[in-house]
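Below you'll find the structure, written out as structure tokens, and then a few comments.
Readers should treat all values here as calculations from the given coordinates under stated rules, not as data from a laboratory. Computed from a predicted structure; not experimentally measured. Cβ placement follows ideal geometry from the backbone for every residue including glycine, while neighbour counts extend to all protein chains displayed.
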């Protein structure tokens, strides 16, 4: 019994340490949206999939079920045809101005982080797949009519500057109700933006990225527990400048990796900011105890 208690205390201490000493960047995961790969890059792993095992066609169908699927009966008892799948408008290998528009529209809501090329590459497919997954659509990576209409409803017609990658005009962020009173670091996972809000008025906005599916950034309402301008992670021995800790070891901080690689990487749970000037200014304005809201 004594040995068991010692082990439990040891594990408990390790868990607390892991929560409080910080996080750093890691490679992008299958579920992390990313920009199209640069020339010579292999692209995002999200685009690569493995085939499912083939069905065993040697077995006979169960006597209780027909071998061939039939149309389901309607409420009147008459069989009805199932709805056809949506038409695919763009897919891997597609090229043209419509693909460029797709990329520019995805950039508006934070799902594409590179210059629109007009080529539907593997990471454009991964970006579409991420967009689909967050909205409950089949994650095919192909842009079908349903996906396209959903994207059109959430974005605006790209300008010439957006289509050439010279600007990204993100739609105005709809603040969560929790962000409309007091001093709040308001963070949207949908648009991947951080807004500094005072009494419902947005003071500044900046791009952010989050943890991977294995080390996700927590969601909810928190408060800034402490600040560390020149913080260095004791787990990964990497800099975390302008760190503002809000939940254990998770903090909002500047990331040189995010500045260099964009969404091709991810954090270990922290909220990364890539604009050093903006995060430095935010660090000077935020006080311990200010609210932090992270939401979809």
Can you give me the relative contact order of the stretch 159-296 as a percent, contacts being Cα pairs under 8 Å and 6 or more apart?
-> 27
For the stretch 150-233, what's the relative contact order in percent, using C-alpha pairs closer than 8 Å and at least 6 residues apart?
-> 14
Looking at the square roots a ≥ b ≥ c of the eigenvalues of the Cα gyration tensor of the stretch 87-137, which shape do they give, rounded for a/c under 1.5, prolate if a/b is larger than b/c, or oblate?
-> oblate
Of 226, 196, 111, 296, how do they rank once you tally other Cβ atoms within 10 Å and put the fewest first?
-> 296, 226, 196, 111
Let me know the shape class of the stretch 142-296, please: from the alpha-carbon gyration tensor, a ≥ b ≥ c as square roots of the eigenvalues, rounded when a/c is under 1.5, otherwise prolate if a/b is greater than b/c, or oblate.
-> prolate
Stretch gain in nm, segment residue 228-residue 146, where the contour uses 0.36 nm per residue and the Cα spacing is subtracted = 25.0 nm
Ranking of 240, 154 by count of other Cβ atoms within 10 Å, fewest first | 154, 240
May I ask you to compute the full-extension gain from residue 203 to residue 285, defined as 0.36 nm times their residue separation minus their alpha-carbon distance, rounded to one decimal in nm?
-> 28.5 nm
Order by protection proxy (mean Cβ within 10 Å, highest first), peptides 268-280, 156-168 | 268-280, 156-168
How do 117, 139, 124, 191 rank when sorted from fewest to most other Cβ atoms within 10 Å of their own Cβ?
-> 117, 139, 191, 124
